[in-house]
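Peer 1: Handing you this structure, nothing more for now.
The values are calculated or read from the model by the stated rules, or taken from the named source; none is laboratory data. Please read all numbers here as calculations on a predicted model, not as lab measurements. Heads up, the Cβs are rebuilt from the backbone with ideal geometry, glycines too, and the neighbour counts pull from every protein chain shown. Only protein heavy atoms, including side chains, enter the accessible area calculation; ligands, DNA and RNA are left aside. Shrake-Rupley method; radii C 1.70, N 1.55, O 1.52, S 1.80 Å.
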Amino acid sequence: AQSVAQPEDQVNVAEGNPLTVKCTYSVSGNPYLFWYVQYPNRGLQFLLKYITGDNLVKGSYGFEAEFNKSQTSFHLKKPSALVSDSALYFCAVKRGNTGKLIFGQGTTLQVKP
Amino acid sequence: EPEVTQTPSHQVTQMGQEVILRCVPISNHLYFYWYRQILGQKVEFLVSFYNNEISEKSEIFDDQFSVERPDGSNFTLKIRSTKLEDSAMYFCASSEGPDYGYTFGSGTRLTVV
């Protein structure tokens, strides 16, 4: 069965510092991996995805994520955090080109000035 | 940037009543989805829809639920007889295809009283 784990409920960083939001997954076959961000009272905004190719993928708002097959991880990173990055972040996976996205429980990112 | 539009943003209904949640996917997208997020919990897959039929559904999507694409632009989720536990944020999403990211709407918050 597919599953996604985000081990941290909350991540706190100071503005200007690098941030990492962790995600590990379990899926049979080739994983399609996604990161979404949710601001209060808003929908889920797509940040980036990994399907194939370079393990380091770059996405919106300066975010990037690294696919690590041996560790089954897809951590979200940003070199320099902004206060406006404060939001709820979801990692998601699906098996190959099937339609069903499985979401992690979400990690709240708090960036303090 | 193209958006997925959901209406209404908030709906309150009495237990046992029927509700229809409406979505307008992005016009050139072919795949459509409904997800839901019970307060404080994960985003859960409900159903995927392609070529005018359901392609996959979860165990949550029982006989009380149905989806329809009544015309070329709308995609609806009907809950026939709402229960208290149906209270959640319901997200519609669409994509160009299985290898693409999903675009989510802002959601409809359904409150069953």
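Peer 1: Picking from A:T72, A:T107, which residue would you name as being open to solvent by less than 30 Å² (accessible area, probe 1.4 Å) and touching a residue at least 24 places away in the same chain (Cβ under 8 Å)?
Peer 2: Of A:T72, A:T107, the one residue that is open to solvent by less than 30 Å² (accessible area, probe 1.4 Å) and touching a residue at least 24 places away in the same chain (Cβ under 8 Å) is A:T107.
Peer 1: Could you list, in sequence order, all residues of region A:18-46 that are within 11 Å of chain B (Cβ to nearest Cβ), closer than 22 Å to A:E8 by Cβ and in contact (Cβ under 8 Å) with a residue 40 or more places away in the chain?
Peer 2: A:L33, A:F34, A:W35, A:Y36, A:V37, A:Q38, A:Y39, A:L44
Peer 1: The conditions are (1) free of Cβ contacts under 8 Å to residues at least 40 places away in the same chain; (2) among the β-branched types (V, I, T); (3) surrounded by 16 or more Cβ atoms within 10 Å (Cβ to Cβ), and B:I79 fails exactly one of them. Which is it?
Peer 2: (1)
Peer 1: Please go through region A:10-47 and give me each residue that is under 22 Å from B:F104 (Cβ atoms), open to solvent by 60 Å² or more (accessible area, probe 1.4 Å) and not in a strand (DSSP E or B), ordered by number.
Peer 2: Answer for region A:10-47, where residues must be under 22 Å from B:F104 (Cβ atoms), open to solvent by 60 Å² or more (accessible area, probe 1.4 Å) and not in a strand (DSSP E or B): A:P40, A:N41, A:R42.
For every residue, the table says whether it meets (1) among the aromatic types (F, W, Y); (2) under 14 Å from the mean Cα position of the chain (by Cα); (3) at pLDDT below 90; (4) under 21 Å from A:Y36 (Cβ atoms).
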residue: B:Q14; (1), (2), (3), (4): no, no, no, no
residue: B:E18; (1), (2), (3), (4): no, no, no, no
residue: B:H29; (1), (2), (3), (4): no, no, no, yes
residue: B:E68; (1), (2), (3), (4): no, yes, no, no
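Peer 1: Further question: If a residue has to be assigned to a strand (DSSP E or B) and closer than 14 Å to A:Y32 by Cα to count, how many in region A:50-74 make the cut? Spell out the reasoning first.
Peer 2: If we filter region A:50-74 for residues that are assigned to a strand (DSSP E or B), which is where we start, we get A:50, A:56-58, A:64-68, A:73-74.
With closer than 14 Å to A:Y32 by Cα added as a condition, the list becomes A:50, A:56-57, A:65-68, A:73-74.
Here the count works out to 9.
Peer 1: Here are A:G43, A:G59, A:G104: which of them is within 17 Å of B:K42 (Cα to Cα) and within 11 Å of the chain's Cα centre (by Cα)?
Peer 2: On inspection, the qualifying residue turns out to be A:G104.
Peer 1: Considering only region B:19-41, I want to know if a residue exists there that is touching a strand residue (DSSP E or B) at 6+ places or on another chain (Cβ under 7 Å), surrounded by fewer than 16 Cβ atoms within 10 Å (Cβ to Cβ) and within 20 Å of A:K100 (Cα to Cα).
Peer 2: Within region B:19-41, one or more residues are touching a strand residue (DSSP E or B) at 6+ places or on another chain (Cβ under 7 Å), surrounded by fewer than 16 Cβ atoms within 10 Å (Cβ to Cβ) and within 20 Å of A:K100 (Cα to Cα).
Peer 1: Could you please find all residues in region B:3-19 being away from every other protein chain (no Cβ under 12 Å) and not small (G, A, S)?
Peer 2: B:T7, B:P8, B:Q11, B:V12, B:T13, B:Q14, B:M15, B:Q17, B:E18, B:V19
Peer 1: Please find, among A:K112, A:K78, the residue that is at pLDDT 95 or above, more than 14 Å from chain B (Cβ to nearest Cβ) and open to solvent by 30 Å² or more (accessible area, probe 1.4 Å).
Peer 2: Testing whether each residue is at pLDDT 95 or above, more than 14 Å from chain B (Cβ to nearest Cβ) and open to solvent by 30 Å² or more (accessible area, probe 1.4 Å) leaves just A:K112.
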